[in-house]
Amino acid sequence: MTAAALAPTFPDTPAEVLPGLAELIATQLAPQVVDIDLKGVYPGGFLQQLGAIGGLGSLTPVAHGGTARGLGHAIQVIEEVSKQCVSTGFLLWAEYALQWYVINSSNQALAAEMLPKMARGEVLGGTAQSNSMKSCVGIEEARLKARRVECGYVINGVLPWVSNIGPEHYFHMGASLPDAPGLVIGLVHGSAPGLTLAQNAHFIGMEGTNTFACQFRDVFLSDSRVVCHADEFNAFRDRTKSAFILLQMGMGLGLVDACVAMMKRSDRTHGHVNRFLDVQADALEAELDAARAATYALAEKIERDGSAPYVRDTLALRLAGSELSLKAANAAMLHLGAKGYLSNNAAQRRLREAYFIAIVTPAIKHLRKELHEFDTHSCALSQPQPELEEA
Ligand SMILES: Cc1cc2nc3c(=O)[nH]c(=O)nc-3n(C[C@H](O)[C@H](O)[C@H](O)COP(=O)(O)OP(=O)(O)OC[C@H]3O[C@@H](n4cnc5c(N)ncnc54)[C@H](O)[C@@H]3O)c2cc1C
């Protein structure tokens, strides 16, 4: 099937994606991009303004303050923002991931209390689910340990990197219990007693993402802040996983789009020599169109049928998105030549952003491991298996 045949019915321009989005990106985000990248400026004000125009609420029901425009819409907003800046696109992904877990929680009181504020950008936050996801597929141990106490849990341990957080932010954590399988997932406030946020590392990209190490020393997680208890974990993971990961495609699509645009601009003056490079703008654009069509088609399927049947498709597409991002950023860098090597030029920034897309959980190696386990039937996820269902 061609990319055109798969083409979704989503709008093309930022103005059509969300009224006010194009202007907000041009006036509030674009002027800050170099400072976000090189000086570590956190674009929290932009996120709040985006929330005010409905740019954070696509997944959240209208009854809880969202717009309910759907998964494809959320990915489109991330894509539009990532065309300018993947650091900010990642923060936006974190915002959606934060809400997605609350939306899917059986804790209705938590949803009623938090979602309206999250969907409108009145409170911001992220997700510390990297370690949980890696522990689920045997890459590393769960780094947070929970102990059941009256009315909640006590949490101890350290998570090295969590983005879009701070003393005023919220984030999700997952912790294992000594005597039960699964993880307890909870919503934690950045100023919770016993929680220390430390900014003890500098990154070659994503410096503006407010990324902290989180040390939990007897942090109390009350039952009222539990998103998912350990005995609910498998079902919760299955119903949230595909959308959680597919949302990250917005970062890759936006980045590749920006690289194609840079390559085309460079070809206007250097096409006579750029044409000897292996990856050309038109061919890359065709790959982008196919990836975009596949992403929005998969978003529609996940919305229609739920997450669990599409986990494998999502992992495969997310892997292709990482590989295409690396290819595009490399090609853009070679097209721009010495100009792209300047510290304020977008080409070298795109290269560093592409590596982030490739290493943020699920990283390329993580995706390949999970896909291998799916294909050798050693996957832990309770993905429906046709033979088992018939038996
Ligand atoms: C800028 C940035 C933002 C991130 N934001 C988030 C987030 O919001 N939420 C989230 O859950 N995860 C976040 N992460 C973590 C990320 O998703 C990955 O888990 C992480 O990049 C490691 O993945 P990996 O597959 O390379 O891990 P692995 O291959 O398992 O580990 C890679 C190497 O990193 C080493 N390492 C681990 N922690 C540290 C550390 N603190 N300092 C130095 N080396 C270390 C490991 O020992 C190992 O050698 C972020 C990472 C970065 C770089």
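Between Asp375 and Ala201, residue separation times 0.36 nm minus the direct Cα-Cα distance comes to 58.9 nm. Scalar couplings 3J(HN,Hα) for the range 370-377, obtained by applying the Karplus form with A = 6.51, B = -1.76, C = 1.60 to θ = phi - 60°, are 5, 5, 4, 6, 4, 6, 9, 6 Hz; x denotes Gly and Pro. Legend: residues Asp278, Asp179, Asp375, sorted from most to least accessible area (1.4 Å probe; ligands, DNA and RNA excluded), read Asp278, Asp179, Asp375. Whole-Hz Karplus values for the range 51-66 come out as x, 5, 9, x, x, 10, x, 4, 8, 8, x, 4, 4, 10, x, x Hz, taken residue by residue from phi with 6.51 cos²θ - 1.76 cosθ + 1.60 and θ = phi - 60°; glycine and proline positions read x. Close amide H partners of Val227, meaning residues 5 or more places away or on another chain with modelled amide H under 5 Å apart, are Ile185, Gly186, Leu187. Nonpolar atom fraction for the range 236-390, defined as the carbon and sulfur part of the 1.4 Å probe accessible area, stands at 56 percent. Packing around the peptides 337-344, 189-196, 116-123, taken as the average count of other Cβ atoms within 10 Å per residue, puts them in this order, highest first: 116-123, 189-196, 337-344. Modelled spin labels at Glu16 and His270, positioned 7 Å past Cα toward Cβ, are 3.3 nm from each other.
Measuring nothing but how far apart in sequence close Cα pairs (under 8 Å, 6+ apart) lie, relative to its length, the chain scores a relative contact order of 18 percent.
Prolate is the label for the chain, because the ratio a/c of its alpha-carbon gyration tensor axes (a ≥ b ≥ c) is 1.5 or higher and a/b is greater than b/c. Against the chain, whose longest principal axis comes from its Cα atoms, helix 108-119 is set at around 30 degrees. Please label the shape of the range 236-390 as rounded, prolate or oblate, based on the square roots a ≥ b ≥ c of the eigenvalues of the alpha-carbon gyration tensor (a/c under 1.5 means rounded; beyond that, a/b larger than b/c means prolate, else oblate). Prolate is the answer for the range 236-390, as a/c is 1.5 or above and a/b outweighs b/c. Shape class for the range 3-123: oblate, because the ratio a/c of the largest to smallest gyration tensor axis (alpha-carbon atoms, square roots of eigenvalues) is 1.5 or more and b/c is at least a/b. Available extension along the chain between Ala338 and Ile364 is 6.5 nm, counting 0.36 nm per residue and deducting the alpha carbon span. Karplus-derived 3J(HN,Hα) values for the range 296-311, using 6.51 cos²θ - 1.76 cosθ + 1.60 with θ = phi - 60°, are 6, 5, 5, 4, 5, 5, 5, 4, 6, 10, x, 7, 4, x, 10, 5 Hz; glycine and proline are entered as x. Angle of helix 346-359 to the longest C-alpha principal axis of the chain, folded into 0 to 90 degrees and rounded to 10: 30°. Under the criterion of Cα pairs below 8 Å and six or more residues apart, the relative contact order for the range 25-103 equals 26 percent.
Could you give the accessible area per residue of the range 173-294, probe 1.4 Å, as a whole number in Å²? Accessible surface, normalised per residue, equals 43 Å². Of the peptides 160-172, 257-269, the order by per-residue mean of other Cβ atoms within 10 Å, starting with the highest, comes out as 160-172, 257-269. The range 265-282 and the range 152-218 have their alpha-carbon centroids 45 Å apart. Per-residue SASA remark: Val188, around 10 Å² accessible (1.4 Å probe; ligands, DNA and RNA not included). When the pairs Lys264/Lys339; Lys39/Lys264; Lys241/Lys369; Lys83/Lys134; Lys83/Lys264 are compared against a 26 Å limit on Cα-Cα distance, Lys39/Lys264; Lys83/Lys134 fall above it.
So, with a 1.4 angstrom probe, what is the percent of accessible area on the range 3-123 that is carbon and sulfur? Ligands and nucleic acids excluded, carbon and sulfur give 55 percent.
The coefficient of translational diffusion for the range 220-271, derived via Stokes-Einstein from the alpha carbon Kirkwood radius under 37 °C and 0.692 mPa s, stands at 222 µm²/s. With the simple spin-label model, which puts each label point 7 Å out from Cα in the Cβ direction, the Val149 to Glu300 separation comes to 5.1 nm.
The values are calculated or read from the model by the stated rules, or taken from the named source; none is laboratory data. As the structure is a prediction and not an experimental result, all values here were calculated from the model. Backbone-built Cβ (ideal geometry, glycine too); neighbour counts: all protein chains shown. These accessible areas exclude ligands, DNA and RNA; they are computed on the full protein's heavy atoms, side chains included. Shrake-Rupley method; radii C 1.70, N 1.55, O 1.52, S 1.80 Å.
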